[in-house]
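This report concerns only the one structure given below.
A short reminder: the numbers here are calculations on the coordinates, not readings from a lab. None of the values given here were measured: they were computed from a predicted structure. Every residue, glycine as well, gets a Cβ built from its backbone with ideal geometry; the counts of neighbours run over all protein chains shown.
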Amino acid sequence: MRRILLSSVIVIIGFTFLTRLSYLQIFSFSPEQVMEDPAIKAIYDYPERGYIYDRNGQLLVGNEPAYDVMVIPREVKPLDTLEFCSLLSITKDKFKEKLHKAHVYSPRLPSVLVPQLSKEDYAKLQEKMRKYEGFYIQKRSLRYYDTPSAANVLGYISEVNEWELSQNKHYVQGELKGRTGIERYYEDILRGRKGVQYIQKDRFNRDIGPYKEGDLDTLPEQGKQISVTLDKALQEYGEKLMVGKRGGIVAIEPATGEVLTMISGPTYDPSLLVGRNRSKNYSELYYDSIAKPLYNRAILAEGSPGSPFKTLNALVALQEGVVDENTKVTCYNGFYVGGRKKGCHCGGGVRDLNSGIYKSCNAYFAHTFRKIFDKYNTTDEGMDVWEKHIKSFGLGDFLGYDLPTGRKGLIPTKEFYDKWYGDNRWASSTIISLSIGQGEVLATPVQLANMTAAIANRGHYFTPHLLKKVAGKDIVDPRFTEAKHTTIDKKHFEPIIDGMAEVYTKGTARWVRIPGIEIAGKTGTVENFTKIEGKRTQLTDHSVFVAFAPVNNPKIAIAVYIENGYYGSRYAGHIASLMIEKHLKGAISRKDLEKKMLEKTLEHEYQKPFSGEEFKINEYVW
Amino acid sequence: MSGKSVLRRIDWLSVVLYLSLVIIGWSNIYSTTFTEADESIFNFSTLHGKQLFFIGVSLVAVLIIMALEVNFYERFSSVFYLLSIASLLGLFIFGKTIAGATSWYDLGFFNLQPSEIAKVATALALAKYLSDIQTDIKRGKDQLIALFIIVLPALLIIPQPDPGSALVFFALTFVVFREGLPLYYLAIGLTLIFVFIITLMFGTIWLTIGLALLIVLLFALKRKTFKIPILPLTVTAVAVVLFSLSVNFVFNTFFEQRHRDRFSLWLRLEKDPKKLEQIRKTIGYNTYQSEKAIESGGFFGKGYLEGTRTKGDFVPEQHTDYIFSTVGEEWGFVGTATVVLLFTLLFLRLVSLAERQKNDFARMYGYGVISILFIHYFINIGMVIGVLPTIGIPLPFFSYGGSGLLFFTILLFIFLRLDTNRLKDSF
């Protein structure tokens, strides 16, 4: 017993030490510790963010230099705060607050004290900087916009926040990151990779040479330049047309799915969100909850598509074989559903497929819609078939384009109506509004444009996308280069397209014909309601137009959705025809039409619900 | 006796372990103290150069020890002891103060620390006294004398102040236990330490409740054949509670705030994690830095001379008391485990050497050597890796310091010299 007492103690203590050491060195150890090591300081070399060009090589977004004042809190020595603050043009309180924040973040690591100095402030400050220990100026590049347009598509960048810092090791404080639009979606391509240089420090924080002879250091990798599919000229032109109007315009090249323009009105100048006034401007944009300039209506605003949706119903009916081109329906200035008459503005008379489309006859499409359902034994079956066909046009779900946000829209299903009305409590007559694109169905402008592209292509589409080239090379992403086929046979498209072409020659859009260009289009006039003090109130109809041109070799498919623009050909039709002409001819021949569209605004319409007074809708004043 | 036969009979395993530790130790001192500007490791103006010089001096000392007659140490042990006590007393008059402690004589080229001599002398004296034919360790009077031999140098060292070195002498009680001191002393001692810690961690009330539960349990599980000694049990329980109450009193009244802080850090008495972290980074700064340095080494370490925290001088006193953290950072777990294993092997080897001595004096001195080396190793590494409170004593053969290395070497090699003679039961 006595002989082994000391030996046991020796062995037990040995084990205790080994346990503790393995806890420290094996279990607590993490390779990332190098970042927390007070003996190593990382100095970053920020790469330039990639430039963004349009489809024709025109610069949209570039960079320009900016200067940040940085601070390493624990190296700060007592200083003439008053003079320093006046050089930085900030108040003393603000200075103290910022310094405190930097200290909380880390006393040892650099924080941004004042971001993005103006060139004048930089010049003044640079000479005196030596006086202020613990502070230094870091050069960095800021976004520069060579266009006042496309703000919502391009998106903006801003400093990473604390949460992101804790989530993503790639970023360090003060670094910029894409927040919306292309800047966000293609962040990884655009930002490049920052270089880092590790410096060995002693406990007095003096440099004592490179860490590991610089073996771990990396050079910055520049962000790649990209080309987007937008046409700068068309985008800028469209935004001019949208001044004073709310809504979205999306134009797609049908043969590729490339987005030619994506416009949301109202919009803002992207340069507003760069530089020191960024946060002030951002607040103004952000808190404008009525016009919502930061809201990309082209991809987020879901509305009933209205009459353009009739073309799809016609295609479904042809595919299902329930009508043919010669099927006749008589319109009595309306039609009867369950004993109630619903109106039609087509003028009445006998309609076939062709005139049903160009006259936009509600009665014709109500009748056709019911025939689709009558083909099947149950409404459920009919609903499934109808839903399958409609969804094959990219409606009712995310399209999969390359922007970080989007909406699904809505194509109602049988489950939807079972929930809404109850099992077996509904039939094709209950949901007859779907036949004319009203009621529950919802779509975003980009979905409408894509649907139009699918018609233009006679049955297939390419997922709309904005990326055209990365570092000069065309994209090969199969998401965007492989065609998606609709469930409608190619042969059924011609009669529909004929009808859509006659919309311009004989039908609802004959006023906005473009000489020398054959266009196929479809107007839409969408009833809409809002709540004013809890009361459901009807507002002036939304003006909707979809079109593609030229008919036999489509170069552009466009959807225009103008909120409260009244009937389809009024605002949307005008704008669509101007956009098509601009794109195909490069110049506008109909100067008076153009002038009218540039000058007209709908602000008076948008004021109505907020006026607090009774107001009239759908006024013919023009 | 010829020098050749000494070389043949010396325990080479111990020598090899000793040399390994000295070499590894010096390499780490070099790592903590070198600068890129150093041209030669033999530059004696640098710390690692000085240490290299003392390694040389120690090896010379080893040769002298081996050359001397083997009974020289036993015969003169009382004289050594008295001289070392005198040298400790002399400090009060001639001592040189370094970092607040008057523990050194200034000998011009180096500073001599007499408490190091006292460790050797006390181990010799205690062995000499216990091995005396007239001494019976079961006897109270002899126990008291043994205790006096141990405690006297400690009492002289405490006021330097150097409580860490003073603590080392108590390790010599291992020798007395080995030689027959009743083990209930040990039981009482361990109980007191246990009660002390429990009181600080949970308070007297919980200790009392726990004790009561234990007694109830004892009665509940009672066998008919076993009679519970009610009176001793009650006395023990009351004594424990009283001791616990006194712990609170002593802790709050006699301890200084810095001592209380060390305990509250060690036992994690502070429950607020933010405040605890604060204490770790201020009062526990040294240990915090050394733990971080060791942790950052990981399994394989950062490589020799590549320790960033070592290079940056983040761990204070890294070449002396905190030398082990350099091993941890640069050599990782592989290095620390190797060092712990080398020490453990050396100790176990010395125990087996001690046990094979025919001569009582040699065995007892052997135990003294192991006790002293072991307590240094235990307290030092325990402190550096954060399992024991901060008590500043060096790691034998590792820490920078001339007298430390020299006298640890002398301590060890006197025993190895005695061992060469083990086959004779008297000298």
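Using the Cα centre of the range B:186-284 as the reference point, and only Cβ charges (+1 on K/R, -1 on D/E), how large is the resulting charge dipole? Debye, rounded to the nearest 20.
Details: 13 positive and 5 negative charges, 66 e Å.
That gives a dipole near 320 debye.
Just to confirm a number: summing +1 for Lys and Arg and -1 for Asp and Glu over residues other than B:LEU411 whose beta-carbon lies under 14 angstrom from that of B:LEU411, what do you get?
Values: positive: B:LYS119, B:ARG417; negative: B:GLU116, B:ASP419.
Once positives and negatives cancel, what remains is 0.
Using the beta-carbon distance between A:ASP269 and A:ARG513 and R0 = 45 Å, what value does 1/(1 + (r/R0)^6) give for FRET efficiency, to the nearest 0.05?
Taking R0 as 45 Å, the efficiency between A:ASP269 and A:ARG513 is 0.85.
To make sure I understand, if each residue's beta carbon is the centre and we count other beta carbons within 10 Å, what order do A:ILE249, A:ILE12, B:ILE393 fall in, fewest to most?
On the way: A:ILE249 32, A:ILE12 10, B:ILE393 23.
Lowest to highest Cβ neighbour count: A:ILE12, B:ILE393, A:ILE249.
Taking other Cβ within 10 Å of each residue's Cβ, how do B:TRP26, B:TRP206 sort, fewest first? It would help to have the intermediate numbers written out before the result.
Numbers: B:TRP26 20, B:TRP206 13.
The fewest-first ordering by Cβ neighbours comes to B:TRP206, B:TRP26.
Using Cα-Cα distances under 8 Å and only pairs 6 or more residues apart, what relative contact order does chain B have, in percent? Could you put the intermediate results ahead of the total?
Details: 539 pairs, mean separation 106.5, N = 427.
After rounding, I find 25 percent.
Take peptides B:329-341, B:161-173 and line them up by average Cβ neighbours within 10 Å, highest first, as a rough protection proxy. Each step should come with its number before you reach the end.
Details: B:329-341: 22.2, B:161-173: 20.2.
Taking the mean over residues of other Cβ atoms within 10 Å, the ranking is B:329-341, B:161-173.
If I take R0 = 22 Å and measure r between the Cβ atoms of A:ASN333 and A:ILE617 in this structure, what FRET efficiency does the formula 1/(1 + (r/R0)^6) give, to the nearest 0.05? Mind showing how you got there, number by number?
Working: r = 21 Å, r/R0 = 0.96.
The formula returns an efficiency of 0.55 here.
Run the simple label-point estimate for A:SER22 and A:TYR136 please: 7 Å along Cα→C-beta, distance reported in nm.
4.4 nm
Per-residue Cβ counts within 10 Å, from other chains only, averaged over A:3-12: what number is that?
Values: counts 5, 2, 6, 14, 7, 0, 4, 12, 3, 0.
Mean number of neighbouring Cβ atoms from other chains: 5.
Just to be sure I understand: if I project the alpha-carbon convex hull of the range B:186-284 onto a plane and average over all orientations, what area do I get in nm²?
Numbers: hull surface 32.0 nm².
If you wrap the Cα atoms of the range B:186-284 in a convex hull and average its projections, you get 8.0 nm².
Would you please give the FRET efficiency between B:ARG349 and A:TYR44, computed as 1/(1 + (r/R0)^6) with r the Cβ-Cβ distance and R0 = 56 Å, to the nearest 0.05?
Values: r = 54 Å, r/R0 = 0.96.
Here the calculated transfer efficiency is 0.55.
So if I take the centroid of the Cα atoms in the range A:120-149 and the same for the range B:149-171, what is the distance between those two points in Å?
64 Å
Run the numbers on the range B:186-284 and let me know its relative contact order in percent, using alpha-carbon pairs under 8 Å that are six or more apart. Before the final figure, lay out each step's value.
Working: 42 pairs, mean separation 31.3, N = 99.
Relative contact order comes out at 32 percent.
Quick check: the distance between the Cα centres of the range B:20-72 and the range B:285-353, to the nearest angstrom?
Between the Cα centres of the range B:20-72 and the range B:285-353 lies a distance of 19 Å.
Ignore the peptide's own chain and count Cβ atoms of other chains within 10 Å of each Cβ in B:370-378; give me the average, rounded.
Working: counts 3, 1, 0, 0, 4, 0, 0, 4, 6.
Across the residues of B:370-378, the mean count of other-chain Cβ atoms within 10 Å is 2.
Among A:GLN222, A:GLY181, A:TYR105, whose Cα lies farthest out toward the positive end of the dipole of chain A, if unit charges sit on the beta carbon of Lys, Arg (+1) and Asp, Glu (-1)?
The residue sitting farthest along the positive end of the dipole is A:TYR105.
As I understand it, the dipole of the range A:363-418 uses +1 on the Cβ of Lys and Arg and -1 on the Cβ of Asp and Glu, about the Cα centre. Which of A:ALA366, A:ILE390, A:THR413 lies farthest toward its positive end?
A:ALA366
What net charge do the residues around B:ASN111 carry, taking every other residue with its C-beta under 15 Å from that of B:ASN111, with Lys and Arg at +1 and Asp and Glu at -1?
On the way: positive: B:LYS50, B:LYS96; negative: B:ASP106, B:GLU116, B:ASP162.
Once all neighbours under 15 Å are counted, the net charge is -1.
About the Cα centre, and with charges only on the beta carbon of Lys, Arg (+1) and Asp, Glu (-1), how big is the dipole of the protein assembly as shown? Nearest 20 debye, please.
Details: 122 positive and 106 negative charges, 329 e Å.
In debye, rounded to 20, the protein assembly as shown gives about 1580.
Per DSSP H run of n ≥ 4, the term is -39500 (n - 2.57); total these for chain B, divide by its residue number, and report the mean residue ellipticity at 222 nm rounded to 500 deg cm²/dmol.
Numbers: 18 runs with 296 residues, N = 427.
Calculated at 222 nm, the ellipticity per residue is -23000 deg cm²/dmol.
In deg cm²/dmol, rounded to 500, what helix-only [θ] at 222 nm does chain A give when every DSSP H run of at least 4 residues adds -39500 (n - 2.57) and the total is split over its residues? Write down the numbers at each step before the final one.
Values: 22 runs with 204 residues, N = 622.
Theoretical 222 nm ellipticity from helices: -9500 deg cm²/dmol.
When only Cα pairs under 8 Å and 6 or more residues apart are kept, what is the percent relative contact order across chain A? Walk me through the intermediate numbers first.
Working: 1283 pairs, mean separation 81.2, N = 622.
Relative CO of chain A lands at 13 percent.
Counting pairs of Cα atoms in the protein assembly as shown, how many percent are more than 51 Å apart?
Numbers: 278932 of 549676 pairs.
That fraction is 51 percent.
Picking from B:ILE391, B:VAL15, B:SER78, whose Cα lies most toward the positive end of the charge dipole for chain B (charges on Cβ: Lys, Arg +1; Asp, Glu -1)?
Of the options given, the answer is B:SER78.
State to the nearest 20 debye the size of the charge dipole of the range B:319-427 about its Cα centre, where the only charges are +1 on K and R beta carbons and -1 on D and E beta carbons.
Values: 7 positive and 7 negative charges, 102 e Å.
Dipole about the Cα centre, nearest 20: 480 debye.
Averaged across B:327-337, how many Cβ atoms of other chains sit within 10 Å of each residue's Cβ atom? Please list the in-between numbers first.
Working: counts 0, 3, 2, 0, 1, 4, 7, 1, 2, 7, 6.
Counting Cβ atoms of other protein chains within 10 Å of each residue's Cβ and averaging gives 3.
Out of the DSSP beta bridges found with both residues in the protein assembly as shown, what percent are antiparallel (nearest 5)?
Details: 83 of 86 bridges.
So the antiparallel bridges in the protein assembly as shown amount to around 95 percent.
Between A:GLU440 and A:GLN126, what length comes free when the chain is fully extended (0.36 nm per residue of separation minus the Cα-Cα distance, one decimal in nm)?
Values: separation 314, 0.36 × 314 = 113.04 nm, distance 6.24 nm.
Full-extension gain reported as 106.8 nm.
Under 11 Å from the Cβ of B:ARG280, count the other residues' Cβ atoms, weight Lys and Arg +1, Asp and Glu -1, and hand me the total.
Details: positive: B:ARG268, B:LYS274, B:LYS275, B:LYS281, B:LYS292; negative: B:ASP261, B:GLU270, B:GLU277, B:GLU291.
Local charge sum for B:ARG280: +1.
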